[in-house]
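Asker: Got a structure for you, questions after.
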Amino acid sequence: MSRRHVGERFTVQAEPPVLRRYAHLVRYPDVEADFGLLIDKAIAAIAEGEPVEDEILGHYVNVASLVRAVSFREGKLLEQAVERLAKVNNDLVVLMQSIKLPLVKAAIEAVAGNDWRQLEGVRLDCEAPAKGSYTPDLIIVNRAKRAAFVLDLKRSLASYGDTSRLEELKLKMLASAMVLPDWLYKTQKRLMVETVGVAIVDGASRPSDHAAGVWALSEIDDLLEIDGAANCMAELRLRFGRRVQQLLEVEARRALGLPEAPEVMSASASAAPPSTASLPVRHFGALRAIPRVMICDDITGETEDHGTGCRCSGCKDSIFDDDDGRDDSEALADDVVCWPPAHIRIGFARRLLDA
């Protein structure tokens, strides 16, 4: 083998050390196959939706139904994508699938009546009397740092505006964070954390406000401690948006009674990745007055809180699958187990949780 070939063989294609912040690195080609599958499933679910008859929208109801479906599916897509990226960091454990954290009365009163900075060091029993529950989108636990994040992913915070819904969401998240250490220890095989950070992640990546608990999706690297995670999420949204716009183009032309535009579709298909070449077509029969997606009637606002006895598809899922493909938390049994910890820090998520 020539010297040139030997040099080419051992050339390392990696980020310069100065650009690397974390030990773990991911690039979109590493997750392209999995992300492509997630996008295909989301687009298929959107295309299969059935509109609800509406006298005001008329024949535009198909377009409106598609837009509502996109809003719902994009949030789920972001959750699944973050869960996939977290697998790159072996120290992370991701909990999802409609986990319900109790809203303990004492926690709600403490958060509502005090500045959250004054609650540092307070830990409450998860089995204390509660007033409902809060369902986070994701709980990410860093076992190496014994730290946890309670994440609520929003496709965009623009719809919140100056309303009080965002403050209500923060109150529920902080109240649930106060019982999270005890809940993790009792329900997740003695999984121990000493720091809990709360973060609302804006998928549109508008300017963040960490002091108020709002993070941009472009900062997901710091939450997962994985270089390149934000770039992967940006590429995911770009490709998903391209597919969604193709669906909207078809529905809009159909609503206006315009013929198909093969030149536009072929151009967009050629510019898209191979997985976007086949565009699902929505076949609508007679409009039926049925909901497009089965959603829990007990959900209030956008906090996705479900009441007891809910029979929606999300609530029927198991709370948590013990076999999540990661190292068993019992492996931490070799460490000295001291419960409860001497100090618990609760508050809005801080960069690297040790700022």
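Asker: For residue 225, what charge total do you get from the other residues with a beta carbon under 10 Å from its beta carbon, if Lys and Arg give +1 and Asp and Glu give -1? All intermediate terms of the calculation are to be shown ahead of the outcome.
Answerer: Values: positive: 21, 145; negative: 91, 221, 222, 227.
That works out to -2.
Asker: So, one more: In Å, what Rg and Dmax follow from the Cα atoms of region 198-264?
Answerer: For region 198-264, the Cα-based Rg and Dmax read 17.5, 51 Å.
Asker: While we're looking at this one, here's another question. Report the local net charge at residue 178: Lys and Arg +1, Asp and Glu -1, summed over other residues whose C-beta lies under 15 Å from its C-beta. Numbers along the way, then the final one.
Answerer: Details: positive: 105, 117, 123, 131, 170, 172, 186, 345; negative: 109, 115, 120, 125, 127, 182, 194.
So the environment of residue 178 carries a net charge of +1.
Asker: Take the alpha-carbon centre of region 71-149, take the same for region 24-56, and report the distance between them in whole Å.
Answerer: Using only Cα atoms to place each centre, the spacing works out to 25 Å.
Asker: Please tell me which of these pairs span more than 31 angstrom C-alpha to C-alpha: 41/145; 41/189; 41/105; 87/170?
Answerer: Details: 41/145 35 Å; 41/189 33 Å; 41/105 40 Å; 87/170 27 Å.
Check vs 31 Å cut-off fails for 41/145; 41/189; 41/105.
Asker: Counting Lys +1, Arg +1, Asp -1, Glu -1, what net charge surrounds residue 200 among other residues with beta carbon under 10 Å of its beta carbon?
Answerer: Working: positive: 154, 170; negative: 137, 152, 202, 209.
Taking every other residue near residue 200 into account, the sum is -2.
Asker: Taking the full set of protein chains and a 1.4 angstrom probe, give the accessible area of residue 108 in square angstrom, rounded to the nearest 10.
Answerer: Looks like 40 Å² after rounding.
Asker: Counting pairwise Cα distances across region 111-182, what percent come out greater than 19 angstrom?
Answerer: Numbers: 1105 of 2556 pairs.
Every Cα pair in region 111-182 considered, those over 19 Å come to 43 percent.
Asker: If only Cα atoms are counted, what is the Rg of region 6-150, and what is its Dmax, in Å?
Answerer: Cα-based Rg and Dmax for region 6-150 come out at 22.2, 71 Å.
The values are calculated or read from the model by the stated rules, or taken from the named source; none is laboratory data. In this text the structure is predicted, and so the values were computed from the model without any measurement. All Cβ positions, glycine included, derive from the backbone under ideal geometry; neighbour counts span all protein chains shown. We work out accessible area using only protein heavy atoms, side chains counted, and drop any ligands, DNA or RNA first. Shrake-Rupley method; radii C 1.70, N 1.55, O 1.52, S 1.80 Å.
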